[in-house]
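All remarks here apply to the structure that follows.
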Amino acid sequence: MNDMRQMTALGRSIEDGSFAIIDHEAGAHDFEPAEWQVVRRVIHATADFEFKTLMRFHPDAVRAGVAALRSGCPLLVDVKMIAAGLNEERLSAYGCRVHSFISDEDVIATAKANNSTRAVEAMRKTHRLNLLNGAIVAIGNAPTALLEVARLIREEAAKPALVIGVPVGFVSAAESKDVTLELPTPFIVAQGRKGGSPIAVAIIHALLLLSTKESA
């Protein structure tokens, strides 16, 4: 697999310059080196330095995420926008597949019948299909999906390798992340209302980059 950086000399120069600016303007921090690679890529994707204060990591999060990618884990995402932002070639080098069930007809029908949400029923479908255990779950849009993943972990013994909890919004977004911070499962969370699919994509790409390094 390539090293995940820009493919042209000019592209690499621009990217390297951006990260140099981020490192300079961010200043001192308490993140471990591998964690900082994730945080700086989130800042790079958003131009928002507040993520330096919002990002939270389970102590085993980066190691677990890298190990899961290297083992060819499924990636379960709440919305297709995350899937669209990921490089399938880079993931397929490890045998990883991205799954999003939110637009499936059975998910929509069940959500209507249960007065639930498509995001909740999509996460339940991942569990029924035995995809959740060992997977990386990335939630960038739907707090209800993140809350359901937390419930599946607590009540149904689901064991994802890593939960990336970065839904954006005003209703239950911050609360869903607070719930995730209490899980025993490795997590990467952006506290508060900020987040979104580009944040989830940036985190996964940072983990992919770390996965190419022997020291990760």
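Among 67, 113, 47, which is more than 13 Å from the chain's Cα centre (by Cα) and at positive phi?
On the way: 67 fails: at positive phi; 113 fails: at positive phi.
Every option except 47 fails the conditions.
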* **Residue among 105, 89 that is charged (D, E, K, R) and within 15 Å of residue 201 (Cα to Cα)** => 89
* Would you kindly identify the helices (runs of 4 or more DSSP H) lying entirely within segment 11-93 that contain at least 2 residues that are free of Cβ contacts under 8 Å to residues at least 40 places away in the same chain and of a type in the set (Asp, Glu)? => 88-92
* Asked: Does segment 93-115 include one or more residues that are of a type in the set (Lys, Arg) and loosely packed, with under 13 Cβ neighbours inside 10 Å?
  -> yes
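Output the residues belonging to segment 136-148 that are outside any helix (DSSP H, G or I) and open to solvent by 20 Å² or more (accessible area, probe 1.4 Å). Reasoning before the result, please.
Filtering segment 136-148 down to residues outside any helix (DSSP H, G or I) leaves 136-142.
The answer is 141, and nothing else.
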* Return yes or no: is residue 151 open to solvent by 30 Å² or more (accessible area, probe 1.4 Å), in a helix (DSSP H, G or I) and under 16 Å from residue 206 (Cβ atoms)? => no
* Condition test on residue 119, is it in a helix (DSSP H, G or I) and exposed (fewer than 13 other Cβ atoms within 10 Å of the Cβ)? -> no
* To do: Just need a number here: residues in segment 36-56 that are open to solvent by 30 Å² or more (accessible area, probe 1.4 Å) and touching a strand residue (DSSP E or B) at 6+ places or on another chain (Cβ under 6 Å).
  => 1
* Asked: In this structure, does residue 180 turn out to be in contact (Cβ under 8 Å) with a residue 24 or more places away in the chain, of a type in the set (S, T, N, Q) and surrounded by fewer than 22 Cβ atoms within 10 Å (Cβ to Cβ)?
  -> no
* Asked: Which one of these does residue 198 not meet: (1) under 29 Å from residue 19 (Cβ atoms); (2) open to solvent by less than 50 Å² (accessible area, probe 1.4 Å)?
  -> (2)
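Table: residues versus (1) touching a residue at least 12 places away in the same chain (Cβ under 8 Å); (2) outside any loop (DSSP other than H, G, I, E, B); (3) not polar (S, T, N, Q).
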{"position": "155", "(1), (2), (3)": "no, yes, yes"}
{"position": "160", "(1), (2), (3)": "yes, no, yes"}
{"position": "163", "(1), (2), (3)": "yes, yes, yes"}
{"position": "168", "(1), (2), (3)": "yes, no, yes"}
{"position": "171", "(1), (2), (3)": "yes, no, yes"}
{"position": "198", "(1), (2), (3)": "yes, yes, yes"}
{"position": "203", "(1), (2), (3)": "yes, yes, yes"}
{"position": "208", "(1), (2), (3)": "yes, yes, yes"}
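The values are calculated or read from the model by the stated rules, or taken from the named source; none is laboratory data. Keep in mind it's a predicted model, so treat the numbers as computed, not measured. For neighbour counting, all protein chains shown are included, and Cβ atoms are generated from backbone atoms with ideal geometry for every residue, glycine included. We work out accessible area using only protein heavy atoms, side chains counted, and drop any ligands, DNA or RNA first. Shrake-Rupley method; radii C 1.70, N 1.55, O 1.52, S 1.80 Å.
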